[in-house]
1. Across region 370-404, which residue is most open to solvent (accessible area, probe 1.4 Å) among those that are at pLDDT below 90 and in a strand (DSSP E or B)?
2. Could you grab me the full set of residues in region 165-209 that are in a loop (DSSP other than H, G, I, E, B) and either open to solvent by less than 60 Å² (accessible area, probe 1.4 Å) or of a type outside the set (A, V, I, L, M, F, W, C) (or both)?
3. Taking the residues in region 405-424 that are part of a loop (DSSP other than H, G, I, E, B) and under 20 Å from the mean Cα position of the chain (by Cα) as candidates, determine which candidate is farthest from L233 (Cα to Cα).
4. What are the residues in region 46-78 that are under 23 Å from D312 (Cα atoms), part of a helix (DSSP H, G or I) and open to solvent by 10 Å² or more (accessible area, probe 1.4 Å), if any?
5. Name the residue that is surrounded by the most Cβ atoms within 10 Å (Cβ to Cβ), counting only residues in region 272-297 that are in contact with an Asp or Glu (Cβ under 8 Å, 6 or more places away or on another chain) and part of a helix (DSSP H, G or I).
6. Go through the residues of region 199-211 one by one and say whether even a single one is in the same structural domain as V42 (by the TED database) and out of contact with any Phe, Trp or Tyr (no Cβ under 9 Å at 6 or more places or on another chain).
7. Select from region 248-271 the residues that are assigned to a loop (DSSP other than H, G, I, E, B) and either touching a His at 6+ places or on another chain (Cβ under 7 Å) or touching a residue at least 24 places away in the same chain (Cβ under 8 Å) (or both) and list them in ascending order.
8. Name the residue that is surrounded by the fewest Cβ atoms within 10 Å (Cβ to Cβ), counting only residues in region 1-45 that are small (G, A, S) and more than 23 Å from N129 (Cβ to Cβ).
Amino acid sequence: MQQHFSLAECDVVGFDLDHTLCRYHLPQSARLIYDSFAQYLVTEKGYDEDLLTLAPDSLDFCCKGLVLDIEEGNFLKLAEDGTVLRASHGTKSMTSEEVLEIYGRKEWKHFNTVSGMVSRTAKYYLYDNYFDLPGALLCARVVDSLDQHDGQKKYDFWKDMVAAIQHNYKISAFKEDCGMYFPEVKNHPDKYLQRCPESVKKWLKQLKNAGKILLLITSSHSDYCRLLCEHVLGNDFEEYFDILVTNALKPGFFSHTPNQRPFRTLENDEEQEALLSLDKPGWYSQGNAIQLYDLLKKMTGKLDPKVVYFGDSMHSDIFPARHYSNWETVFILEELLGDKGIVPAKAESEPLEKKGKYEGDQLKVPYFVSKQWGSFFVDRLPGLENAEETLVHTWSCKCISTYSTIAIPSLEAIADLPLDYRFTRFSSNSSATAGYYPSPPRALLPNEDSVMMK
């Protein structure tokens, strides 16, 4: 495979919506998501009312790439080989000794399954995007609360958490003003949504003028999608795209066959009967990548049109688009803004807030580096006393270089580049930092203060 990637070589450019084209004010949206789940657990399922109050710094617990071992109530940060780098029981961090005692130096028991499909099951849950993360903090606090009251050893709260997610995010919730999440965003869009920068809107038009087919593929339902797009792109948002797919139910959109997941048309945001094939551009619901690709062949007149897809979730966007559809993938990773050289030193280093250029409002929770979990990209192996410490890549970091073509902090970061700009892509024969643009996270760069990568 060639070493460079350029948008000029792509026939089709696809986008996820939430946290990709539409960016949120993260502190406000994190709090809203936490509250909407907590409210449901307390009022509908009888959980402790303490869950409704949140200490100001508690969102520090939220860190992308954590895996919840549901039955044990433990959160894990995994190394690329599947060993456990850090862990907490509920919100309480385990010591290096406890981590070694419980998990040893061997691969975590579910690692094979999770790493093969970047998946989630009834036994574990992978937190990999900003819609999910506040739920991690809530689950951790539920474990604390159950320990305090019942001293449980195995946990059974997950079904209630799923019910809370479904109550707030189900397809009819926006229309019915159900739950806390949609009514609040509807009433105060400016509080939660960032307007799309002019540079990005100009860039979308530039892509279209260059003859690219533009797709929007989102798991959000059409009514919420319309609210977001009108707010961030403007009332003429449909003119930016040739094909819009809402309620796409990713990753199933990529992994399911046309029979399992047909396209449907929409009337007044209600899904109509299933379509046997996809014949023309337009706005659709559900669907599958196979029939979409057939339409793209027709539209481009090419046997294998080249598609690139931009998204922020490894589980829903990047892994399935690469694995099932073999599309190029651009990973939107806001952590690239926050990870300015934070490999925890043995002594407490000065707090991140004091460092470098991202002072002030720009780096409030949740994408500065979590003090509890450390860098998203690397960590030290939990060492025994006085043992030489080694830096290793996290499993999340390994996924990025395995399944992404390139990784960028936001669309804005590339909007002013010429379309034929040649990005260095991730590849097994280039350095581990090659695919990051505009620059790799400093945590991945060897420097005089840190141990060299092994």
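1. Per the stated criteria, the residue is R380.
2. Across region 165-209, the qualifying residues are K170, S172, D177, C178, G179, H188, R195, C196, P197.
3. Among them, the one singled out is T405.
4. Within region 46-78, L59, D60 meet the criteria.
5. The residue in question is L296.
6. No, region 199-211 has no match at all.
7. A248, L249, K250, P251, H256, T257, P258, Q260, R261, P262, D269
8. So, considering only residues that are small (G, A, S) and more than 23 Å from N129 (Cβ to Cβ), the one surrounded by the fewest Cβ atoms within 10 Å (Cβ to Cβ) is A8.
The values are calculated or read from the model by the stated rules, or taken from the named source; none is laboratory data. This structure is a prediction, so every number in the text was calculated from the model and none was measured. A quick note on method: Cβ atoms are made from the backbone with ideal geometry, for glycine too, and the neighbour counts reach across all protein chains shown. Calculation scope for accessible area: heavy atoms of the full protein, side chains included, ligands and nucleic acids excluded. Shrake-Rupley method; radii C 1.70, N 1.55, O 1.52, S 1.80 Å.
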